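Encoded as structure tokens, the structure appears first; notes follow it.
The values are calculated or read from the model by the stated rules, or taken from the named source; none is laboratory data. From a predicted model like this one, the values you see are computed outputs, not experimental measurements. Cβ sites come from the backbone with ideal geometry, for glycine too, and all protein chains shown count toward neighbours.
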Amino acid sequence: MPVLRWIRRNLIVIAGLLTLAYMILPNIVVMVFSFNKPNGRFNYAWQRFSLDAWKDPCGVADMCGSLSLSLQIAAWATVGATVLGTMIAFALVRYRFRARGAINSLIFLPMAMPEVVMAASLLTLFLNMGAELGFWTVLIAHIMFCLSFVVTAVKARVMSMDPRLEEAARDLYAGPVQTFVRVTLPIAAPGIAAGALLAFALSFDDFIITNFNAGSTVTFPMFVWGSAQRGTPVQINVIGTAMFVLAVLVVLAGQLLANRRKKSA
Amino acid sequence: MSVTDAPPAKATGPQIRKPSTRKRLVPYWLLLPGILWLVVFFALPLVYQASTSVQTGSLEKGFEVTWHFATYWDALRDYYPQFIRSLLYAGTATILCLLLGYPLAYLIAFKAGRWRNLVLVLVIAPFFTSFLIRTLAWKTILADGGAVVDVLNTLHVLDVTSWLGWTESNRVLATPMAVVCGLTYNFLPFMILPLYTSLERIDGRLHEAAGDLYATPATTFRKVTFPLSMPGVVSGTLLTFIPASGDYVNAELLGSTDTKMVGSVIQTQFLRVLDYPTAAALSFILMAIVLLMVTAYIRRSGTEDLV
């Protein structure tokens, strides 16, 4: 049977595309249901087409407030984790010193621990210190768990850097600051950018650690979580769709840029 | 010995040593803020949690360290079903992720050609859409009487899975299958990306060489491709299994009270019941189990250069 032979020959491609479909399916559902006009509190069954939610994305109480809070936290967490993480990555790759192994494990451990364990232990610290849960405790927590991921991303890039480029800069009488700003930083930039992007995504999307340490502060994931019990407004799907489209555009633009640079180089 | 000799020696000494000392201290200054952050907000909390887990008392009277280790036994006795379930679900989801993710990673690495970037974007993009929203979408997809359930029913798949205890007849939502489906879905990118990274590094000429030596495609895969992708398999399974074992979002949104995972119990004890010692003990047990399993797995797979 030619059909069976074709299937057998392309088995990997078919299986891969099926997985891709499995991964995209919920995004399509989110998109389609952003045009739904639900009958009742929950937006789980299709009723009829409507543009209401798209016309009034902030028409739900507290949703856009939680969204802007999440964006703020993610932005600050990205800055904090990227600065601290980049410093650690440079120290680990460029210098030999005592306690390197211990520091490597300290950075690896947060990634090798279930989130709920970190969330719970951080809460015991805050409770013992009598800290008020809210914006600051969430920010502290986010910087903490994003840090390891930034270190890993930047480390990978710095490791593949040729140290002779910096030596050359120094031979050409560039000072240490000049060498760093004009040579080291531009070369490490893609790694730092990848780390920052990852930190932003992780922070913006985090639910478990935030849920433990936010007190009565409500971030966007916490709003979505609450809405699963109270009733999901269609606007959540609008935000989800917008985020997906925006992410695809940003990543595509980044890749186009990288391709162009590769060609011109 | 003269008085005039001594001061210059003192003055030049530090001046000569100063640059080298300062240089030696550079890595420590670079590390200090970040490592301090991890020590104070990652390591120290674990110490606090350890102390909380051996406390007794109540919210009204206050808690006190009494080295009450029995909390651990009580926690294990009361919640072992949730522990077993968590490991079972996370393990199943990890295996499914590997089975589903491998072909896609292979496709991107070797077969996608000029479509590679687009497919990669489609794998990464869901990362940036809130995973809670996407998990809620599964409620729609798996809804009772929905298309998926209808098809599975017509094919009599649900009869088999219900007999196995994975589903209930006529429904998928609020069953173990829905939870595992959600877990698999949510952690697939964490499997695919490391797999892709290690597959991409494989020299395509090795496949040709294997073919030249009369290896069938299956043999080439078994003897060349798969062994060379082991680093990706190991880090992918870890990145999937560890977070999945502590996750409670999928179990809460897609499951029922019969599918609760241990993360859910920890959350309830900490945030609702306010029984801090039990919650801390549960969290420690989970951490110990995961760390033990991960260490054993890394030893066995022989790739210790993961870190």
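Can you find a residue that is more than 8 Å from every other protein chain (Cβ to nearest Cβ), out of contact with any strand residue (DSSP E or B) (no Cβ under 7 Å at 6 or more places or on another chain) and closer than 21 Å to residue B:239 by Cα anywhere in region A:112-126? It would help to see each step written out before you state the result.
Applying the first criterion (more than 8 Å from every other protein chain (Cβ to nearest Cβ)) to region A:112-126 yields A:119, A:126.
Going one step further and asking which of them are out of contact with any strand residue (DSSP E or B) (no Cβ under 7 Å at 6 or more places or on another chain), we end up with A:119, A:126.
When the remaining residues are screened for being closer than 21 Å to residue B:239 by Cα, the result is A:119.
Within region A:112-126, one or more residues are more than 8 Å from every other protein chain (Cβ to nearest Cβ), out of contact with any strand residue (DSSP E or B) (no Cβ under 7 Å at 6 or more places or on another chain) and closer than 21 Å to residue B:239 by Cα.
When region B:128-155 is filtered for residues that are among the aliphatic types (A, V, I, L, M) and facing another protein chain (nearest Cβ under 8 Å), the ones remaining, listed by number, are B:132, B:133, B:136, B:137, B:141, B:143. For region B:192-211, indicate whether the set of residues that are at the interface with chain A (Cβ under 10 Å from one of its Cβ atoms), buried (at least 23 other Cβ atoms within 10 Å of the Cβ) and either in contact with a strand residue (DSSP E or B) (Cβ under 7 Å, 6 or more places away or on another chain) or not in a loop (DSSP other than H, G, I, E, B) (or both) is non-empty. Within region B:192-211, one or more residues are at the interface with chain A (Cβ under 10 Å from one of its Cβ atoms), buried (at least 23 other Cβ atoms within 10 Å of the Cβ) and either in contact with a strand residue (DSSP E or B) (Cβ under 7 Å, 6 or more places away or on another chain) or not in a loop (DSSP other than H, G, I, E, B) (or both).
Yes or no: region A:56-67 includes at least one residue that is in contact with a Leu (Cβ under 8 Å, 6 or more places away or on another chain) and within 13 Å of another protein chain (Cβ to nearest Cβ).
The answer is no; no qualifying residue exists.
Taking region A:212-246 as the range and being within 16 Å of residue B:133 (Cβ to Cβ) and either at pLDDT below 85 or of a type in the set (S, T, N, Q) (or both) as the test, the residues that pass are A:219, A:227, A:229, A:232, A:235, A:237, A:241. Of the helices (runs of 4 or more DSSP H) lying entirely inside region A:153-261, those carrying at least 2 residues that are within 30 Å of residue A:72 (Cβ to Cβ) are A:185-205, A:208-213, A:220-230.
Within region B:131-144, residues that are small (Gly, Ala, Ser) sit with their Cβ atoms under 7 Å from residues that are crowded, with 23+ Cβ neighbours inside 10 Å and assigned to a helix (DSSP H, G or I), at 6+ positions apart or across chains, in these pairs: B:137/A:26; B:137/A:30. Testing residue A:61 on (1) surrounded by fewer than 15 Cβ atoms within 10 Å (Cβ to Cβ); (2) under 20 Å from residue A:226 (Cβ atoms); (3) under 23 Å from the mean Cα position of the chain (by Cα), one condition comes back false. Which one is that? Unmet for residue A:61, out of (1) surrounded by fewer than 15 Cβ atoms within 10 Å (Cβ to Cβ); (2) under 20 Å from residue A:226 (Cβ atoms); (3) under 23 Å from the mean Cα position of the chain (by Cα): (3).
Here B:48, B:80 are screened, and the one residue that is within 9 Å of chain A (Cβ to nearest Cβ) and either loosely packed, with under 14 Cβ neighbours inside 10 Å or among the hydroxyl-bearing types (Ser, Thr, Tyr) (or both) is B:48.
Cβ-Cβ under 6 Å, sequence separation 6+ or interchain: first residue in region B:288-301 and of a type in the set (S, T, N, Q), partner at pLDDT 90 or above. Which pairs? Filtered contacts from region B:288-301: B:301/B:234.
With respect to residue A:26, is the statement that it is surrounded by fewer than 20 Cβ atoms within 10 Å (Cβ to Cβ) and either outside any helix (DSSP H, G or I) or within 12 Å of chain B (Cβ to nearest Cβ) (or both) true? Answer is no for this residue. Quick one: in region B:216-237, which of the residues that are part of a helix (DSSP H, G or I) and within 22 Å of residue B:293 (Cβ to Cβ) is nearest to the other protein chains (Cβ to nearest Cβ)? Restricting to residues being part of a helix (DSSP H, G or I) and within 22 Å of residue B:293 (Cβ to Cβ), the top hit is B:235.
One line per residue, one yes/no per condition, for (1) of a type in the set (Phe, Trp, Tyr); (2) surrounded by fewer than 20 Cβ atoms within 10 Å (Cβ to Cβ); (3) out of contact with any helix residue (DSSP H, G or I) (no Cβ under 7 Å at 6 or more places or on another chain):
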{"position": "B:229", "(1), (2), (3)": "no, no, no"}
{"position": "B:235", "(1), (2), (3)": "no, no, no"}
{"position": "B:243", "(1), (2), (3)": "no, no, no"}
{"position": "B:257", "(1), (2), (3)": "no, yes, yes"}
{"position": "B:265", "(1), (2), (3)": "no, no, no"}
{"position": "B:275", "(1), (2), (3)": "no, yes, no"}
{"position": "B:292", "(1), (2), (3)": "no, yes, yes"}
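Scanning region A:238-262 for residues that are under 17 Å from the mean Cα position of the chain (by Cα), of a type outside the set (A, V, I, L, M) and more than 7 Å from chain B (Cβ to nearest Cβ) yields A:241, A:254.
When B:240, B:257 are screened for being hydroxyl-bearing (Ser, Thr, Tyr), more than 16 Å from residue A:124 (Cα to Cα), touching a residue at least 24 places away in the same chain (Cβ under 8 Å) and more than 10 Å from chain A (Cβ to nearest Cβ), only B:240 passes. Taking region A:81-100 as the range and being among the small types (Gly, Ala, Ser), more than 8 Å from chain B (Cβ to nearest Cβ) and either in contact with a strand residue (DSSP E or B) (Cβ under 7 Å, 6 or more places away or on another chain) or part of a helix (DSSP H, G or I) (or both) as the test, the residues that pass are A:81, A:89.
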